[in-house]
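Since the structure comes first, as structure tokens, the remarks are kept for the end.
The values are calculated or read from the model by the stated rules, or taken from the named source; none is laboratory data. None of these values were measured; they are calculated from a predicted model. FYI the Cβ positions are ideal-geometry reconstructions off the backbone, even for glycines, and counts take in every protein chain you see.
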Amino acid sequence: MSTLAAIVLLYLPGELAAQTSTPPASRPVGCRGTNSSTSSVTLGRGELPPWVFPGYPVIESVQPGSPAEKGGMRPFDMVILQNGRDLIANPPAQPALAGDTVVFTVRRKDVEIPLTVVLGRWDPPQEAPGVTRVCRPLEPGGT
């Protein structure tokens, strides 16, 4: 799997990550309640394959009441580390599960800030046409 693909798996909670990992039914892939985008730069022309240099995810929006909001994430934060692992050079191998505590390091106005987020759950758990899914914090002591 390419580095860029691994980053996309981390930041599209549930949908793509669920395709590569089968967590136990009681602990689905977690969500944090943000929309983010990544950018990349592609270099090269001709017969050789192009080189792709991925960029760090940038938070576009934070869902009110979500785990991300409770953890202090804000729009325009650039997510650079997850539990001390660089998201481009050394991304986590497995998606985090609902209820996991994750320490993200974000770059906000040239300052690196650690933010602790307890991942939530999707409501409803599965995607369905015409249904908007919401990332909800876990209830104390539950899933």
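Within the set Gln94, Gln126, the sole residue that is under 22 Å from Ser26 (Cα atoms) and in contact with a Pro (Cβ under 9 Å, 6 or more places away or on another chain) turns out to be Gln94.
Does Pro91 satisfy the criteria of being modelled with pLDDT of 95 or more and either part of a loop (DSSP other than H, G, I, E, B) or surrounded by fewer than 16 Cβ atoms within 10 Å (Cβ to Cβ) (or both)? Spelling it out, it is not the case that Pro91 is modelled with pLDDT of 95 or more and either part of a loop (DSSP other than H, G, I, E, B) or surrounded by fewer than 16 Cβ atoms within 10 Å (Cβ to Cβ) (or both). Selection of region 76-88 for residues being assigned to a loop (DSSP other than H, G, I, E, B), touching a residue at least 24 places away in the same chain (Cβ under 8 Å) and not charged (D, E, K, R) yields Phe76, Leu87, Ile88. Residues of region 112-134 include at least one that is free of Cβ contacts under 8 Å to residues at least 40 places away in the same chain, closer than 23 Å to Leu87 by Cβ and assigned to a strand (DSSP E or B). The criterion of at least 1 residues that are at pLDDT 90 or above and either among the charged types (D, E, K, R) or under 15 Å from the mean Cα position of the chain (by Cα) (or both) is met, among helices (runs of 4 or more DSSP H) falling completely within region 1-75, by 67-71.
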